[in-house]
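Have a look at the structure below, then the notes.
No lab work stands behind these numbers, since they all come straight from the coordinates. Here the structure is a predicted model, which is why all the values come from computation and not from measurement. Positions of Cβ are backbone-derived with ideal geometry, glycine not excepted, and every protein chain shown enters the neighbour counts.
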């Protein structure tokens, strides 16, 4: 089983969007049983809060629900639990390493590092543009699945 943790600042916009997009994609490919997928925050600001309405609305357009998801914080022990810890931007990676320590096993990446155009995913909390965020996250999840296939992990 491949264990994936998506991480952003507050765990209410980007990382839950990535969590639920990835869950939807692997289910549609018949790979659900091969994955454990979750998301977390680097900050404590939103802990216990539900998914941002903009993320819920965007995912609902694709029939994807985020019901029951509340923000949780990344913990040091998550490094040993997960095979991949995928941040949304460089700033997330810096804060992830502050919490988990050194990335000796090379598990920490930006989601779009797997794409043909590695880059940060903008935070829709600030931009208000959940469409662009969704497109970037979808691109990243597809690229990540392709990476795993090329590596013969799935």
**OP:** Considering only 95, 116, 11, give the residue with the highest GNM mean-square fluctuation for the chain, with springs between Cα atoms whenever their separation is below 10 Å.
**Re:** 116
Original post:
In what order do 91, 82, 62, 109 fall by count of nearby beta-carbon atoms within 10 Å, going from fewest to most?
Top reply: 62, 91, 109, 82
**OP:** Work out how far the C-alpha atoms of the stretch 1-82 reach from end to end along every principal axis, then list the three figures in whole Å, largest first.
**Re:** 34, 32, 16
Original post:
Just 102, 136, 78 to compare: in a GNM of the chain, with alpha carbon springs under 10 Å, which one fluctuates most?
Top reply: 102
**OP:** Mind telling me which of 101, 140, 50 comes out most flexible in a GNM of the chain, alpha-carbon contacts under 10 Å?
**Re:** 101
Original post:
If you rank 59, 74, 31 by fewest surrounding Cβ atoms within 10 Å, what's the result?
Top reply: 31, 59, 74
**OP:** Starting from the Cα gyration tensor of the chain, take the square roots of the eigenvalues, sort them a ≥ b ≥ c, and report rounded, prolate or oblate (rounded when a/c is under 1.5, otherwise prolate if a/b is larger than b/c, else oblate).
**Re:** rounded
Original post:
What is the fewest-to-most order of 15, 43, 65 by other Cβ atoms lying within 10 Å of their Cβ?
Top reply: 65, 43, 15
Original post:
In deg cm²/dmol, rounded to 500, what helix-only [θ] at 222 nm does the chain give when every DSSP H run of at least 4 residues adds -39500 (n - 2.57) and the total is split over its residues?
Top reply: -12000 deg cm²/dmol
